[in-house]
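In what follows, a structure is listed as structure tokens, so that the remarks can point back to it.
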Amino acid sequence: MAGGGKDDDERRIGVAMDYSASSKRALDWTISNLLRRSDTLVVVHVLHHGGEEAKHALWGKSGSPLIPLSEFRDPTAMQQYGVHCDAEVLDMLDTAARQLELTVVAKLYWGDAREKLCDSVEEQKIDTLVMGSRGLGSIQRYNSTPIAMLPHQDSGIKCAVVDYRARILPAAGNLDR
């Protein structure tokens with residue numbers, strides 16, 4: 001694991017966050033089922049290269065500095081990174097940090113999401129990375145298991161990867177038995 005050599009009590013859990021419904025569900029699942037007291041939660045956000053590449057040239061390769069939750073929740077501070085945070089995500093992070101005594105930090109990257117997620121695991125020594133359904137349609141999500149461990153050996157990621165897939169149930173009136 002990426003965190004090899006650390007005390008068993010020290011865990012760094014990463015959540016890939018793009019503010020989509022599936023990444024919010026993955027964060028909620030992580031808070032409810034994976035995090036424990038005193039863990040570090042790293043919120044990894046990958047932005048596509050855009051018209052402001054020169055502005056982020058300093059962080060283009062290694063990403064932003066670690067952003068503490070206090071700064072991550074400040075909209076003015078986050079504007080310098082080109083990120084508009086979501087109130088629901090911030091509420092989940094604040095509540096989890098307070099209840100579980102977590103250290104919550106955000107790390108922003110610019111570029112290809114697959115490449116940068118691999119980079120984040122290595123650089124941040126993330127033990128487990130949780131991500132949403134990666135764009136699977138509702139039929140595929142309904143037929144899949146809620147959690148899939150991805151074959152991380154092929155992706156270059158050196159930690160456990162949890163691909164959280166929320167089950168989408170049909171509406172009550174559409175149940176065919």
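Amide H contacts of Met17 (H built 1.01 Å from N, in plane; Pro and chain starts excluded): Val44, His45, Val46 sit under 5 Å, all sequence-distant by 5 or more or on other chains.
Extending 7 Å from Cα along the Cβ direction at Glu71 and again at Thr103 yields two label points whose distance is 1.5 nm.
Within the full protein context, the accessible area of Thr76 is estimated at about 100 Å² for a probe radius of 1.4 Å. Scaled against the 2.2 N^0.38 Å expected of a compact globular protein of N residues, the Cα radius of gyration of the stretch 75-133 reads 1.27. In loop segments of the stretch 80-113 as defined by DSSP, there are no chymotrypsin sites (Phe, Trp or Tyr not before Pro) with at most 15 further C-beta atoms inside 10 Å of their C-beta. Scalar couplings 3J(HN,Hα) for the stretch 128-133, obtained by applying the Karplus form with A = 6.51, B = -1.76, C = 1.60 to θ = phi - 60°, are 9, 10, 10, 9, x, 6 Hz; x denotes Gly and Pro.
The values are calculated or read from the model by the stated rules, or taken from the named source; none is laboratory data. Bear in mind that the values here come from a model prediction, so they are computed numbers and not experimental data. Reconstructed Cβ throughout: ideal geometry from the backbone, glycine too, with neighbour counts over all protein chains shown. The accessibility values were calculated without ligands, DNA or RNA, using every heavy atom of the protein model including side chains. Shrake-Rupley method; radii C 1.70, N 1.55, O 1.52, S 1.80 Å.
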